[in-house]
Amino acid sequence: MKKSMLPLACIASLLIGSFCNAQNAKDTKVILITLDGFRWQELFTGADSLLVANSEYVSDTTDLKDRFWLEDPKARREALMPFFWKDVAKMGQIHGNRMLGSKVDLTNKMWFSYPGYNEILTGKADDARIDSNDKIPNPNTTILEIANNDSKYKDKVVAFGSWDVFPYIVNEERSGVPVNAGFELAQGSDLTEREKFLNELQPVIPSPWPAVRLDAFTQHYALEKMKKDHPEFVYIAYGETDDFAHDGEYDSYLKSAHTTDTLIEQLWNFTQNDDFYKDSTLFIITTDHGRGTQPLESWKGHGSDVKGAGSVWMVVFGKGVTPKGEVKQQEHLYSNQIAPTVLKVLGLKADPNKMKGKPLDISKK
Ligand SMILES: [Zn+2]
């Protein structure tokens, strides 16, 4: 709904001079974002000393060190993710620095993608049924589906992913939530010029992987949709970091993380310059799994046999978030808390039998 469409009651109250906001402009909107398999180690300490100059994983070690290596870990992480560490650190909360006692963990024991996304999006691990990355329609109900089934959010929920399994994770068919993922093009009779251009570019720009597109496409399809239709709940799933890691390309992994930081900054700046989203949008950012604690042995992979691959991180900023910066106190959060948090913010009910995690106290001082 456009902001100009003020309810009649509001127009009446404007006429008599009292303050009024369109209801939709006041509701909290949610942008949930995931970076596939991005380690907490790089988020909190930047480039890894054991990998950044390792010619087995880096083609030009001088160039990579020029870009991302500094002796001080705080300066290093800022070089890698400047938006997170200069801006989000001031206005939001960054959880998961285990060296300071802030722990974030998965509750599923699989430690790979589909089980991770299932946990994040449904609020519950399901190791009995979600035990592969196969394209199986999710038997569980995601928060995207719960919102889309509510009259308040019907047709105001969208998902964009780089990985082509997301239509199954979200169960696009049953949920009715539109999922643009993998190498799908934007569809519809009202495509913007930019969407038409993205549709032209995507098939002719080769992706390094058969099942995952480059994140720039996911970003701009999502951004165009937000400009055009103003969905209230948007899920964006970036994929490059995990695939570059599997390929053993630490240089591309770092460059991709750096780019993703700027993509998120672009989303934030867009929301702050758009009347519909401005000052009423909550960002929640996390990852579906870690990659272990032994960089030389395990950083390329993950899964239940990789020690520490269940350790993740969480970032929140925007509407209703008390600024805490990097959380330095002892805490233990879990990925299954994200789904109930989003439902609470959207004013939707969580089924306590289906969601065991407690909503996060994002507004607590
Ligand atoms: Zn992976």
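Observations, loosely collected:
- Checked against the criterion of being acidic (Asp, Glu), within 16 Å of the ligand (Cβ to nearest atom) and under 25 Å from Leu360 (Cβ atoms), the candidates Asp242, Asp261 yield just one match: Asp242.
- Within the range 286-301, restricting attention to residues that are away from the ligand (no atom under 14 Å from the Cβ) and buried (at least 19 other Cβ atoms within 10 Å of the Cβ), the residue that is farthest from Leu254 (Cα to Cα) is Thr286.
- Residue check, Ala237 at pLDDT 95 or above, crowded, with 22+ Cβ neighbours inside 10 Å, among the small types (Gly, Ala, Ser) and within 16 Å of the ligand (Cβ to nearest atom): yes
- The one condition from (1) over 20 Å from the mean Cα position of the chain (by Cα); (2) more than 24 Å from Thr142 (Cα to Cα); (3) open to solvent by 20 Å² or more (accessible area, probe 1.4 Å); (4) within 16 Å of the ligand (Cβ to nearest atom) that Ser304 does not meet is (2).
- Failed item, numbered, when Ala147 is tested on (1) farther than 25 Å from Phe38 by Cβ; (2) aliphatic (A, V, I, L, M); (3) open to solvent by 10 Å² or more (accessible area, probe 1.4 Å): (3)
- Lone qualifier among Lys152, Lys156, Lys103 - being at pLDDT 95 or above, away from the ligand (no atom under 16 Å from the Cβ), in contact with a Ser or Thr (Cβ under 9 Å, 6 or more places away or on another chain) and open to solvent by 20 Å² or more (accessible area, probe 1.4 Å): Lys103
- Restricted to the range 90-100, and to residues there that are hydrophobic (A, V, I, L, M, F, W, C) and closer than 24 Å to Tyr235 by Cβ, the residue that is least open to solvent (accessible area, probe 1.4 Å) is Ile94.
- Whether a residue is in contact (Cβ under 8 Å) with a residue 12 or more places away in the chain and at positive phi was assessed, and Asn199 does not pass this test.
- Every pair of residues 6+ apart whose Cβ atoms lie under 9 Å, when the first sits in the range 242-253 and is closer than 19 Å to Trp40 by Cβ and small (Gly, Ala, Ser) while the second is more than 13 Å from the ligand (Cβ to nearest atom) and part of a helix (DSSP H, G or I): Ala245/Ser252
- Scope the range 110-126; condition under 18 Å from His332 (Cα atoms), open to solvent by 10 Å² or more (accessible area, probe 1.4 Å) and more than 16 Å from the ligand (Cβ to nearest atom); matching residues: Lys124, Ala125
- Of all residues in the range 193-201, none satisfies being in a strand (DSSP E or B), touching a helix residue (DSSP H, G or I) at 6+ places or on another chain (Cβ under 9 Å) and more than 16 Å from the ligand (Cβ to nearest atom).
- Residue in the range 214-231 that is polar (S, T, N, Q), surrounded by 14 or more Cβ atoms within 10 Å (Cβ to Cβ) and within 18 Å of His289 (Cα to Cα) present: no
- The listed residues are Ile285, Ile338, Ile264, and the only one of them that is in contact with a strand residue (DSSP E or B) (Cβ under 8 Å, 6 or more places away or on another chain) and within 13 Å of Phe38 (Cα to Cα) turns out to be Ile285.
- Verdict on Lys356 being modelled with pLDDT under 95, open to solvent by 20 Å² or more (accessible area, probe 1.4 Å) and within 30 Å of Ser252 (Cβ to Cβ): no
The values are calculated or read from the model by the stated rules, or taken from the named source; none is laboratory data. Quick caveat: nothing in here was measured; it's all calculated off a predicted structure. Here Cβ is always computed from backbone atoms with ideal geometry, including for glycine, and neighbour counts include all displayed protein chains. The accessibility values were calculated without ligands, DNA or RNA, using every heavy atom of the protein model including side chains. Shrake-Rupley method; radii C 1.70, N 1.55, O 1.52, S 1.80 Å.
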